[in-house]
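**Q** Take a look at the following structure, please.
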Amino acid sequence: MQQVEVRLGEATVAVTTASEPEPVAGGHVLRGHTVAVGCPAPPRRFYRHGWQSWSQTRWLDVDEPVAPVTVRDLALFDDDPVHAAAVRHGGAVVGAVEHEGGVLLLGALGIGGRVELTDTGMAATSDTGARWFVAHGNEAEVFAAYADLLGTAVGRRPIGAQRVWCSWYSFYADISEPALHEVIDDLDGLAFDVVQVDDGWQRHVGDWEANDAFPSGMPALAGHIRDAGYVPGLWLAPLLLHEHSRTYAHHPEWVLRDADGTPASAGWNWGGRLHALDVTHPDALAHVCDVLRTVVGWGFDYLKLDFLFAGALAGVRHTDVERHRAYRDAIEAFRDVVGDHVVLLACGAPVIPSLGVFDAIRVGPDVAEVWENTHVTRYLHHLSSPQARYAVATSIHRLWLQPLIGTDPDVAYFRTRYCLLTGEQKALVTDLTRVCRFRATSDIPSTLDPHEVDALANYLTEDVEIHRLGRYLFDIGGREVDFGPVAAAPPVMLPTDR
Ligand code: 9PG
């Protein structure tokens, strides 16, 4: 390790690296499993890049307390559980500090790594690679330069704008063939590209067959969607096995284990414990590839693959590969199986390791028909649970990914019925979807007022130009929209003893 000074634009930055910094477009490349950078002036804010789709991603004040989620099962859905007890602010793969003279960015040119805020700058470690990019200057420029190198190192696969009707935020898991048929009739004339069937069609999480609410079967449903003029889309959580699934009962040897040999927890949902499929086990991988081959064979050309963090949890695997590498190998196999034409949307997914394989990725937690779930944020410190405010805050901080992958901020709401969001809050979420170039809703036209149907119809067909004017300020079709008051405000939490 050596400590050297490197000239980055206008600034001189002290770096700790294993080899001489190598100049590249927009910055320098450092090497080493651990590297560090010193900020030219005291850090004011830290860009915390959440590990997976739902994980909080935000510029935080360096003085904000580190407030871990207080419930272990929730922590599994929150951010990288390996770092849940970290005492410093940190993020996955990339981090940045803002000081009075600009922004200093440090990011891995690979699929893993953690960047932590230090008193004087940032320190980073990685088990998956040893190349880092460091840059200093204007925020937009340093992130664009990083994205470019990251795209070359890991991959890029950006897609055009999407218009999706998704069943989740109206029906939740209570979907059925007749209910979806009714919606499809109801969508008549609305310019969606995709009708995506979400959670609720399967026998169990892990048993990916139609349940009794879909008596005609999934190929018939896909055919019905296609006949109506839409691309059939389907949700599945291919890397999870519910403890009560048949697949888990038959193949307990397929799950990730803790060091003591017990099946590792991948969280709690659907009324039971979840386990993570160990996709380094050749039979487990073959099984999940079969599932994907089958659903594509049914006629679904748009797949929302959810809860993918399960593939990169720490634990004992059949083959001892680093956890992000295990995830990456699996999703590359998924892409090979489904082919190039299928749109793959990642959700609950480690973000950087998904680049180049997925067409789009959820870039924030779930929206909800409430703005803020204050009990969950205040008492449990859980900012990745469904709430519209944090969906806006996290998604808007992930736009630098757009040259590499489609950015899905979750759905917009046009409805007044069954929705507690104010008109202003709904408008901000809708503007977020415009900025993200990913337009989705779960609203059912027959539950909308006539003017709400018009608003939805216009939203799907409008052609607005978008210009970014600042970190949070956008020109959207001639309107100035400021996401700052929502996106920059710290969460409301009770003080912690840390
Ligand atoms: C289906 C949903 C939808 C949604 C996904 C995902 O318990 N939790 O913290 C939790 C977080 C997210 C979540 C569900 C539960 O939502 O993001 O769009 O597909 O699964 O179950």
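**Q** Tell me, which residue of the stretch 69-80 that is crowded, with 20+ Cβ neighbours inside 10 Å and of a type outside the set (Gly, Ala, Ser) is farthest from the ligand (Cβ to nearest atom)?
**A** Taking the stretch 69-80 first, the residues crowded, with 20+ Cβ neighbours inside 10 Å are 69, 75-80.
Right, trim to of a type outside the set (Gly, Ala, Ser) and you get 69, 76-80.
Values: VAL69: 10, LEU76: 9, PHE77: 4, ASP78: 8, ASP79: 12, ASP80: 15 Å.
Out of the qualifying residues, it is ASP80.
**Q** Now for a separate question. Looking at the stretch 257-272, which of its residues are of a type in the set (A, V, I, L, M) and within 16 Å of the ligand (Cβ to nearest atom)?
**A** At the first step, the residues of the stretch 257-272 found to be of a type in the set (A, V, I, L, M) are 259, 264, 266.
Within the stretch 257-272, just ALA266 meets the criteria.
**Q** Mind listing whichever residues of the stretch 384-427 are free of Cβ contacts under 8 Å to residues at least 40 places away in the same chain, away from the ligand (no atom under 16 Å from the Cβ) and crowded, with 19+ Cβ neighbours inside 10 Å? Steps first, answer last, please.
**A** Kept after step one, since they are free of Cβ contacts under 8 Å to residues at least 40 places away in the same chain, are these residues of the stretch 384-427: 386-387, 415-417, 423-424, 426-427.
Of the ones still in play, those that are also away from the ligand (no atom under 16 Å from the Cβ) are 415-417, 423-424, 426-427.
ARG415, LYS426 - these are the residues of the stretch 384-427 that are free of Cβ contacts under 8 Å to residues at least 40 places away in the same chain, away from the ligand (no atom under 16 Å from the Cβ) and crowded, with 19+ Cβ neighbours inside 10 Å.
**Q** Could you please find all residues in the stretch 212-244 being open to solvent by 10 Å² or more (accessible area, probe 1.4 Å), under 19 Å from ALA173 (Cβ atoms) and touching a helix residue (DSSP H, G or I) at 6+ places or on another chain (Cβ under 7 Å)?
**A** Hits for the stretch 212-244 are ALA213, PRO215.
**Q** May I pose another question? Of everything in the stretch 132-149 that's in a strand (DSSP E or B) and among the hydrophobic types (A, V, I, L, M, F, W, C), which residue is farthest from GLY27 (Cα to Cα)? Quick ask: steps written out before the conclusion?
**A** Within the stretch 132-149, the subset in a strand (DSSP E or B) is 132-137.
Retained after the next criterion (residues that are among the hydrophobic types (A, V, I, L, M, F, W, C)): 132-135.
On the way: TRP132: 10, PHE133: 7, VAL134: 6, ALA135: 4 Å.
In this case the residue turns out to be TRP132.
**Q** So, in the stretch 165-174, of the ones that are within 11 Å of the ligand (Cβ to nearest atom) and not in a helix (DSSP H, G or I), which residue ends up most open to solvent (accessible area, probe 1.4 Å)?
**A** TYR172
**Q** Suppose we filter the stretch 331-346 for residues that are buried (at least 24 other Cβ atoms within 10 Å of the Cβ) and either touching a residue at least 40 places away in the same chain (Cβ under 8 Å) or more than 26 Å from SER385 (Cα to Cα) (or both); how many remain? Walk me through it before giving the result.
**A** To start, the set of residues in the stretch 331-346 that are buried (at least 24 other Cβ atoms within 10 Å of the Cβ) comprises 331, 334, 345-346.
Now narrow it down to the ones that are either touching a residue at least 40 places away in the same chain (Cβ under 8 Å) or more than 26 Å from SER385 (Cα to Cα) (or both): 334, 345-346.
Total meeting the criteria: 3.
**Q** In the set GLY223, GLY233, GLY267, which member is more than 24 Å from GLY189 (Cα to Cα) and touching a residue at least 12 places away in the same chain (Cβ under 8 Å)? If you could, list the steps in order and put the result at the bottom.
**A** Numbers: GLY223 fails: more than 24 Å from GLY189 (Cα to Cα); GLY233 fails: more than 24 Å from GLY189 (Cα to Cα).
Result of the check over GLY223, GLY233, GLY267: GLY267.
**Q** All but one of (1) part of a loop (DSSP other than H, G, I, E, B); (2) farther than 27 Å from ARG439 by Cβ; (3) among the hydrophobic types (A, V, I, L, M, F, W, C) hold for ILE159; which doesn't?
**A** Just one mismatch for ILE159, condition (2).
**Q** Evaluate the following for ASP119: is it assigned to a helix (DSSP H, G or I), surrounded by fewer than 18 Cβ atoms within 10 Å (Cβ to Cβ), out of contact with any helix residue (DSSP H, G or I) (no Cβ under 7 Å at 6 or more places or on another chain) and charged (D, E, K, R)?
**A** Working: assigned to a helix (DSSP H, G or I): no; surrounded by fewer than 18 Cβ atoms within 10 Å (Cβ to Cβ): yes; out of contact with any helix residue (DSSP H, G or I) (no Cβ under 7 Å at 6 or more places or on another chain): yes; charged (D, E, K, R): yes.
The answer is no for ASP119.
**Q** Suppose we keep only residues that are touching a helix residue (DSSP H, G or I) at 6+ places or on another chain (Cβ under 7 Å) and among the small types (Gly, Ala, Ser) within the stretch 336-383. Which one would you say is nearest to the ligand (Cβ to nearest atom)?
**A** Per the criteria, the residue is GLY348.
**Q** Here's another thing I want to ask about it. Is one or more of the residues making up the stretch 202-210 under 30 Å from ALA84 (Cβ atoms), free of Cβ contacts under 8 Å to residues at least 40 places away in the same chain and within 16 Å of the ligand (Cβ to nearest atom)?
**A** yes
The values are calculated or read from the model by the stated rules, or taken from the named source; none is laboratory data. Worth saying up front: this structure is predicted, and the values here are computed from it rather than measured. We place every Cβ from the backbone using ideal geometry, glycine too, and count neighbours over all the protein chains shown. When the accessible area is computed, the model is the full protein with side chains, heavy atoms only, and any ligands, DNA or RNA have been set aside. Shrake-Rupley method; radii C 1.70, N 1.55, O 1.52, S 1.80 Å.
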